[in-house]
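Quick note: the coordinates plus some simple rules give every number you see, no bench work behind them. Treat the numbers as computed from the prediction; the structure is a model and nothing was measured. Glycine gets a Cβ as well: all are built from the backbone with ideal geometry, and neighbour counts include every protein chain shown.
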Amino acid sequence: MKLFGLTGWSGSGKTTLMVQLIPALTRRGITVSTMKHAHKGFDVDHPGKDSHNHRLAGATEVLVSSPRRWALMHEIRGDEPEFTLQELLPKISPVDLLLIEGYKREPHPKIEIWRAEVGKSLIARDDPSIVAVASDGPVPDLSVPLLDLDDPDSIADFIVAHCGLTPRASTL
């Protein structure tokens, strides 16, 4: 399974690009899963639901299953450390490509999404794991390829080539 990431400052458009890249890659016959790092807490469960009550009662893990999907929720309690990317990878079913949003300090190859109007510095200048920058305008003093943020198909082509993936007929 190949790993490839999207990174950038908040508000740069990482999630927007991610949801454009997934269908662009699957049209090429590439199987894709995603992983997103959330800096703040999040919840995929809802108060009042049985699974939520199980977690509140102290269950370490709650698995919810239906005919259409299943989800495993693992509670990190007390002073337990957050799982690292490497600890989470074995929990993902094998696919051709795992697209990772966030985890900007990890060494896997990444595209930085950068917009001048966000007003933040370019991460790529100090991070050798960033192999390209996707932007909606010019980026000064860039030492990696510049990709057009408004052309997700060309960004998908870049990722496929960079990861050495072989496009095949899509089954979708």
Completion exercise
Expected single match for hydrophobic (A, V, I, L, M, F, W, C) and assigned to a loop (DSSP other than H, G, I, E, B) among ALA132, ALA161, ALA71, ALA169 is ALA169
Handout entry: Sole residue being farther than 30 Å from ASP141 by Cβ and surrounded by 14 or more Cβ atoms within 10 Å (Cβ to Cβ), chosen from LEU85, LEU98
Key = LEU98
Exercise for the section: Exactly one condition in (1) surrounded by 10 or more Cβ atoms within 10 Å (Cβ to Cβ); (2) touching a residue at least 40 places away in the same chain (Cβ under 8 Å); (3) in contact with a strand residue (DSSP E or B) (Cβ under 9 Å, 6 or more places away or on another chain); (4) not hydrophobic (A, V, I, L, M, F, W, C) is not met by SER93; state its number. Expected result: (1)
Practice task
State whether one or more residues within region 35-52 are hydroxyl-bearing (Ser, Thr, Tyr) and surrounded by 13 or more Cβ atoms within 10 Å (Cβ to Cβ).
Solution key: yes
Practice task
Mind listing whichever residues of region 124-138 are more than 16 Å from PHE4 (Cα to Cα) and either surrounded by 18 or more Cβ atoms within 10 Å (Cβ to Cβ) or within 17 Å of the chain's Cα centre (by Cα) (or both)?
Solution key: SER135
Exercise for the section: Take region 8-17 and flag every residue that is crowded, with 18+ Cβ neighbours inside 10 Å and assigned to a helix (DSSP H, G or I). Expected result: LYS14, LEU17
Problem - So LEU99, is it part of a strand (DSSP E or B), touching a residue at least 12 places away in the same chain (Cβ under 8 Å) and either in contact with a strand residue (DSSP E or B) (Cβ under 8 Å, 6 or more places away or on another chain) or closer than 29 Å to PRO128 by Cβ (or both) - result: yes
Handout entry: Residue count for region 102-123, restricted to those that are in contact with a helix residue (DSSP H, G or I) (Cβ under 6 Å, 6 or more places away or on another chain) and buried (at least 19 other Cβ atoms within 10 Å of the Cβ)
Key = 3
